[in-house]
Amino acid sequence: MSHETAFPIPDDVETVESYMERFVAYLRQKNLKVTQERLDIVREVFSTDTHFEAADLVIRLRQQGKRVSPATVYRTLPLLIDSGLLRQSFLSSGRQTYYEHTLGPKGHEHMICVRCGKVIEFTSAPLEEALRQIAKEHGFRSERRRIELFGVCSDCL
């Protein structure tokens, strides 16, 4: 799966180190252990800007010689989601679960090519405004969203 970002990462984005600190604080708040395996997982999650599957994360960690079990990865991913540091994306017609970290711009959407699997991230001020207006008209407080457009990219046309 290839990946493109249609927006620059702003200068005021939090650092990986601050996200590590946030995850450690989250674990302590939940009375969960701060283990080397969990910290290795978090470092690896934030080492790339691409979407990934849990199995990919296990492979990347093992290639680095890290001793992290698949079970630990699968148990840690929901903790990262609950802490707000990771998002779940369903980016394939096969319904595989892909993840992406939240370091970087918020509120981006995805276009997914059904032929080659390319993922194109984009932002849209008019879309943001339309979503705010729709929520307001319906007395709805939006907490999170996921918009995915499936189609054919320009390379596959």
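The values are calculated or read from the model by the stated rules, or taken from the named source; none is laboratory data. Just so it is clear, the model here is predicted, and its values are computed rather than measured. So basically every Cβ, Gly included, is an ideal-geometry build from the backbone, and we count neighbours across all protein chains shown.
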Pairs returned, first residue in the stretch 117-139 that is acidic (Asp, Glu), second residue that is modelled with pLDDT under 90 and part of a loop (DSSP other than H, G, I, E, B), beta-carbon separation under 9 angstrom, 6 or more apart or interchain, are GLU121/ALA6; GLU121/PHE7; GLU121/PRO105; GLU121/HIS108; GLU128/GLY107
How many residues of the stretch 45-63 are under 18 Å from GLY84 (Cβ atoms) and either touching a Lys or Arg at 6+ places or on another chain (Cβ under 7 Å) or assigned to a helix (DSSP H, G or I) (or both)? The answer is 1
Taking interchain pairs and intrachain pairs at least six residues apart, which have beta carbon atoms under 8 angstrom, with the first residue in the stretch 28-56 and free of Cβ contacts under 8 Å to residues at least 40 places away in the same chain and closer than 19 Å to SER18 by Cβ and the second of a type outside the set (Gly, Ala, Ser) and not in a helix (DSSP H, G or I)?
ARG28/VAL34; ASP40/LYS66; ASP40/VAL68; ILE41/VAL68; GLU44/GLN64; GLU44/LYS66
So is LYS66 outside any helix (DSSP H, G or I), free of Cβ contacts under 8 Å to residues at least 12 places away in the same chain, among the charged types (D, E, K, R) and more than 15 Å from THR102 (Cα to Cα) or not?
no
Filter the stretch 22-40 down to the residues that are hydrophobic (A, V, I, L, M, F, W, C) and either modelled with pLDDT of 95 or more or over 19 Å from PRO70 (Cα atoms) (or both) and list them by number.
PHE23, VAL24, ALA25, LEU27, LEU32, VAL34
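If the requirement is being at positive phi and modelled with pLDDT under 80, which of these qualifies: GLY117, GLY104, GLY84, GLY94?
Only one candidate passes the filter, namely GLY104.
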